[in-house]
1. Just subtract the alpha-carbon distance of residue 58 and residue 86 from 0.36 nm times their residue separation and send over the number in nm, one decimal.
2. Give the accessible area for residue 56 in Å² (nearest 10); use a 1.4 Å probe, count only protein heavy atoms, and leave out ligands, DNA and RNA.
3. For a quick protection proxy, order the peptides 32-38, 89-95 by their average other-Cβ count within 10 Å, most packed first.
4. In Å and on Cα atoms, what radius of gyration and Dmax does segment 1-58 show?
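The values are calculated or read from the model by the stated rules, or taken from the named source; none is laboratory data. Just so it is clear, the model here is predicted, and its values are computed rather than measured. Counting neighbours? That spans all protein chains shown, and the Cβs are built from the backbone with ideal geometry, glycine included. Ligands, DNA and RNA are stripped out before the accessible areas are found, and what is left, the full protein with its side chains, is counted by its heavy atoms. Shrake-Rupley method; radii C 1.70, N 1.55, O 1.52, S 1.80 Å.
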Amino acid sequence: MATNKISISFCEYYSDVYNYLKNKPNISNFICELVKTQMTDTNTKCQDLRSEIEKIIDDILKDKQLIIETQSENNTSTVKQNALTKDDISLIKELF
């Protein structure tokens, strides 16, 4: 028998959710699996999103023939060929 218990109340707005859950053979297991999936997906989605954003920015910079070199020690960036403004560089740094 379970040692950890939680009571859930459903307001009228979520009555459809309540009725849906009532038809599940093991409501506790169903809810636990949903929460576990969301817990692990959130971290994965954030990392995937960050990677996608970085790729998009890299592609845009390459299309405009811009190259950014970043030095990690003092966190300064230099731009070769077409120049980015200081505001552009600041915005990119803030995003990442």
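1. Contour length minus Cα-Cα distance gives 8.3 nm.
2. The accessible area comes out at roughly 90 Å².
3. Averaged packing, sorted descending, gives the order 89-95, 32-38.
4. Over segment 1-58's Cα set, Rg and Dmax evaluate to 17.4, 54 Å.
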